[in-house]
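Rule-based calculations on the coordinates, nothing more; no lab input. Here the structure is a predicted model, which is why all the values come from computation and not from measurement. Here the Cβ positions follow ideal geometry from the backbone for every residue, glycine too, while neighbour counts run over all protein chains shown.
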Amino acid sequence: MNFEFTEEQLAVKQAARDFARQECLPGVIERDELQRFPKEQIYKLAELGFMGMMVKPEYGGSGMDTISYVLAMEEISKIDASVSVCVSVNNSLVCYGLQEYGSEEQKQKYLTPLAQGIKDGELYIGAFLLSEPEAGSDATSQRTTAEDKGDHYVLNGIKNWITNGNSASVYLVIAQTDPAKGHKGINAFIVEKNWPGVTVGAKENKLGIRGSDTHSISFQDVIVPKENRIGADGFGFKFAMKTLEGGRIGIASQALGIASGAYELALAYSKERKAFGQPIMNHQIIQFKLADMATKIEAARLFCLKAAWEKDQHLDYTLSGSMAKVFASETAMWTTTEAVQIHGGYGYVKEFHVERLMRDAKITQIYEGTSEIQRIVISRSILK
Ligand SMILES: Cc1cc2nc3c(=O)[nH]c(=O)nc-3n(C[C@H](O)[C@H](O)[C@H](O)COP(=O)(O)OP(=O)(O)OC[C@H]3O[C@@H](n4cnc5c(N)ncnc54)[C@H](O)[C@@H]3O)c2cc1C
């Protein structure tokens, strides 16, 4: 066992840290308030190779490992979780899904520009469309249909809560082709946003990650060529579940970053703020809060890195990915709440950043499988 990072991994961490502080921190409060998508930041991250981190260089990616991805996600999420969720969806769900399960033609046509994050000088990213108004945790109840018409499918339905919904050029859409076959009748498709019949709904007005653009997307008689189906007929549900397993490492790392960002702010504040004639860090109750934060964050970090390492070794990482996500997201919620507490009244106002981190933390317990669903995955795994 080796707990040391390589020079390359440390360089990626440093680059992400510098980027987050120099490019994401300015304007983060305003973007949150105005719900403004961080387009400029994502474009620059694409130029630096952060949008297709784990994609092979022959498909336009940076060819990095998942450990580097965890390190980068933590650093970006410390500053702006609206930026990091966009990075996570493009890397873990869209690019990973296409690299692992796409055809050679799909990789050439879609994966390569998506991994670069730029096409013809414009931002070119993807979104992952599984959830529906009536199908969230129970993803088998897909109501979006893809009728098989021989050489093409006809797509109809509505998808909800889609991250990158308006900014993405390419959607990976999960839909039911044969309801009689249940989840074995589900397929996954590559759909371009500008195809006839695709409509982007209004932007959701959210509690947190307000810069991230979350939209419903509807499909009305959208013609999808057969070559845009991912994998064999009926592979769509497995595609979604396998892809989300990798996604959990991204969201766990996002939660880790939100927690460690709040901890760093609370630690610094506790040294500056005086109460009863001394810095509040001298009060034991504050010290113990900080000690618990540091301990939980380190545990969350180890969970994320273990899941990432298992993925890189091509081992089964279902259990460690779910443990990482549930632990890191609960650590993020707890740590950010305590960070607000350590800041007292100042923690409740926007200028001090911790209230935003607290609002951003909540989503990590919900998307890409709620904490309850992670516990179901964990118990299935340990009780088998
Ligand atoms: C900001 C945001 C961004 C998102 N981005 C995307 C995206 O890009 N793509 C996408 O496809 N989806 C996305 N989602 C959707 C997200 O993945 C779902 O909201 C999530 O999976 C939960 O589904 P639901 O909202 O329908 O809740 P439900 O499934 O209705 O769950 C409601 C509650 O019941 C609990 N519950 C459900 N089933 C069980 C059970 N069997 N046992 C115990 N408890 C249970 C849940 O844990 C939850 O607490 C996003 C959501 C948000 C809010």
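Annotations
- With a cut-off of 16 Å on the backbone N, the residues of the stretch 317-351 near the modelled label site 7 Å out from R273 along Cα-Cβ are 335-351.
- Taking the chain as a Gaussian network of alpha-carbon nodes connected by springs under 10 Å, the highest mean-square fluctuation of the residues I363, I285, I217 belongs to I285.
- The string of couplings for the stretch 369-384 from the Karplus curve (6.51, -1.76, 1.60, θ = phi - 60°) is x, 5, 4, 5, 5, 4, 5, 5, 4, 5, 5, 4, 6, 8, 9, 6 Hz, one whole number per residue in order, with x for Gly and Pro.
- Based on C-alpha pairs under 8 angstrom that are at least 6 apart in sequence, the chain has a relative contact order of 16 percent.
- Cα gyration tensor, the stretch 111-170 - rounded (a/c under 1.5), prolate or oblate: oblate
- For the chain, excluding the exposed loop sites themselves (GluC sites (Glu not before Pro), DSSP loop, at most 14 other Cβ atoms within 10 Å), the longest remaining stretch covers 135-384.
- Annotation note: chymotrypsin sites (Phe, Trp or Tyr not before Pro) in the stretch 190-284 located in DSSP loop regions with a Cβ neighbour count of at most 12 within 10 Å are F276.
- Sum of side-chain charges, L172 neighbourhood, beta-carbon under 13 Å (Lys, Arg +1; Asp, Glu -1): +2
- Long-range tail of P(r) for the stretch 126-234 (Cα pairs > 16 Å, %): 55
- The loop-placed trypsin sites (Lys or Arg not before Pro) in the stretch 283-323, going by DSSP, include none that has at most 12 neighbouring Cβ atoms within 10 Å of its Cβ.
- By the Kirkwood approach, averaging reciprocal distances over each pair of separate Cα atoms, the stretch 7-122 gets a hydrodynamic radius of 14.2 Å.
- Mean separation of Cα contacts under 8 Å, 6 or more apart, over the residue count of the stretch 1-117: relative contact order %: 32
- Shape category assigned to the stretch 206-340 from the gyration tensor of Cα positions, a/c cut at 1.5: oblate
- Choice from Q108, Q35, Q278 with maximal GNM fluctuation in the chain (Cα, 10 Å cutoff): Q278
- Principal semi-axes in Å for the chain [√(5λ), Cα gyration tensor, largest first]: 36, 21, 20
- Counting only aspartates and glutamates at least 8 places from K350 when in the same chain, those with an alpha carbon closer than 14 Å to its own are E30, D32, E33, D80, D360.
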